[in-house]
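Here's the structure we're looking at; comments come further down.
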Amino acid sequence: MLRIADKTFNSRLLLGSGKFASPQLMQQAVAASNCQLVTLALKRLELDKPQDDLLSPLKAMNVQLLPNTSGAKTAKEAVFAAELAREALQTHWLKLEIHPDARYLMPDPIETLLAAEQLVKRGFVVLPYCSADPVLCKRLEQVGCAAVMPLGAAIGSNQGLQTRAMLEIIIEQATVPVIIDAGLGAPSHAAAAMELGAAAVLVNTAIASSDNPVAMAHAFALAVEAGHSAFTAGLAHHNNQAIASSPFTDFLAAL
Amino acid sequence: MHIKFNDQLLQLTANCTVAELLIQQQIQPQGLAVAINNTVIAKQQWPQHQLRDNDCVNLFHIVTGG
């Protein structure tokens, strides 16, 4: 059971709702993934365009909606976006993300920490997307974040756990759930993150951009479960030389 | 009176509330957030919050995103 703030979740897979070919496909992927936390974003309303009803189907699936602050380049903008999100979805849960640079979308650690501190004081349950920096993750925890969400690799890059060594330190030190966000490009990456002891993973591009997003959502769900089970079971140790699995006797010596 | 409504100039009768403005403009309130002069207006305040001349009203809504 994954516990974040005052809520518990059976699934350790969080799904991002962006980049799907249609809202219907996104909803089918959510259903196939069995996830219980789905991220959403904010946009200025375009008055002349019809609006899809995204929310009713998601609410019917009983998933926790997690609005993000994507688009914010500073702490001030993120706090404003957070307040908009709270009103739009009537939730105080928030994925805080501040990335000023459009090329690599790296989270700004200074603005993220500043915003996190303010948002926690304003009553938000803050889940910050952040660099895989063990010191930053501790600082985010200390200001009251309900989880930390360090990146595996750049958003949408599908490069997997490029930050693996730092993630291991973050997981070892954390007293809040560590959710690996960004860069997970294959179910094997998600399984590896869970085997490290991550509490959960957040996946969007790898599922939404797959040829078959619904099947890929299911594949990620299986991988997350397998990785978590493996972590719970305790992985066997690495060895630098072979250790025989079969009895190494001289029963063929008579030949 | 006039307000700026997502950058468009809009003429309104006096004593118009946020809730009335949304009905008049046929905007669904689900997944919507309203900021007036860069201050977010809580949903519970929409029926009472009176618009003023020269208010800058911006609407935001929930979309898909990661």
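In table form, for the structure just shown:
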| item | result |
| --- | --- |
| Qualifying positions in the range A:40-72 - exposed (fewer than 15 other Cβ atoms within 10 Å of the Cβ) and assigned to a helix (DSSP H, G or I) | A:SER56, A:LYS59, A:ALA60 |
| Yes/no for A:ALA75 being crowded, with 18+ Cβ neighbours inside 10 Å, more than 24 Å from A:GLY156 (Cα to Cα), in contact with a Leu (Cβ under 7 Å, 6 or more places away or on another chain) and among the small types (Gly, Ala, Ser) | no |
| Of residues in the range B:4-18 being within 14 Å of A:LEU45 (Cβ to Cβ) and assigned to a loop (DSSP other than H, G, I, E, B), the one modelled with the lowest pLDDT | B:ASP7 |
| Test: residue in the range B:11-29 that is touching a helix residue (DSSP H, G or I) at 6+ places or on another chain (Cβ under 6 Å) and at the interface with chain A (Cβ under 8 Å from one of its Cβ atoms) | no |
| Sole exception among (1) free of Cβ contacts under 8 Å to residues at least 40 places away in the same chain; (2) closer than 28 Å to A:LEU84 by Cβ; (3) over 17 Å from the mean Cα position of the chain (by Cα) for A:PHE124, by number | (1) |
| Verdict on A:ASP108 being touching a strand residue (DSSP E or B) at 6+ places or on another chain (Cβ under 9 Å), buried (at least 18 other Cβ atoms within 10 Å of the Cβ) and more than 14 Å from every other protein chain (Cβ to nearest Cβ) | no |
| Failed criterion for A:GLN90 (all others in (1) in contact (Cβ under 8 Å) with a residue 24 or more places away in the chain; (2) polar (S, T, N, Q); (3) within 20 Å of B:THR64 (Cα to Cα) hold) | (1) |
| A:LEU96 at pLDDT below 95 and either in contact with a Ser or Thr (Cβ under 9 Å, 6 or more places away or on another chain) or on the phi > 0 side of the Ramachandran plot (or both) | no |
| Whichever residue in the range A:73-98 is in a loop (DSSP other than H, G, I, E, B) and more than 24 Å from A:ILE4 (Cα to Cα) and, among such residues, is farthest from the other protein chains (Cβ to nearest Cβ) | A:LYS73 |
| Condition check for A:ALA186: surrounded by fewer than 23 Cβ atoms within 10 Å (Cβ to Cβ), closer than 24 Å to A:LEU113 by Cβ and within 14 Å of the chain's Cα centre (by Cα) | no |
| The range A:131-162: number of residues that are in contact with a helix residue (DSSP H, G or I) (Cβ under 6 Å, 6 or more places away or on another chain) and either closer than 14 Å to A:LYS95 by Cα or assigned to a loop (DSSP other than H, G, I, E, B) (or both) | 12 |
| Test: residue in the range A:27-39 that is among the hydroxyl-bearing types (Ser, Thr, Tyr), closer than 24 Å to A:ILE207 by Cβ, assigned to a helix (DSSP H, G or I) and away from chain B (no Cβ under 11 Å) | yes |
| Checking B:ALA33 against (1) within 12 Å of chain A (Cβ to nearest Cβ); (2) modelled with pLDDT under 95, the condition it does not meet | (2) |
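Yes/no per residue for (1) surrounded by fewer than 12 Cβ atoms within 10 Å (Cβ to Cβ); (2) touching a strand residue (DSSP E or B) at 6+ places or on another chain (Cβ under 7 Å):
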| residue | (1), (2) |
| --- | --- |
| B:MET1 | no, no |
| B:LEU9 | yes, yes |
| B:LEU12 | no, yes |
| B:ASN15 | yes, yes |
| B:VAL18 | no, yes |
| B:ILE41 | no, yes |
| B:ASN58 | no, yes |
| B:HIS61 | no, yes |
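The values are calculated or read from the model by the stated rules, or taken from the named source; none is laboratory data. If you're wondering where the values come from, they're calculated on a predicted model, not measured in any experiment. Reconstructed Cβ throughout: ideal geometry from the backbone, glycine too, with neighbour counts over all protein chains shown.
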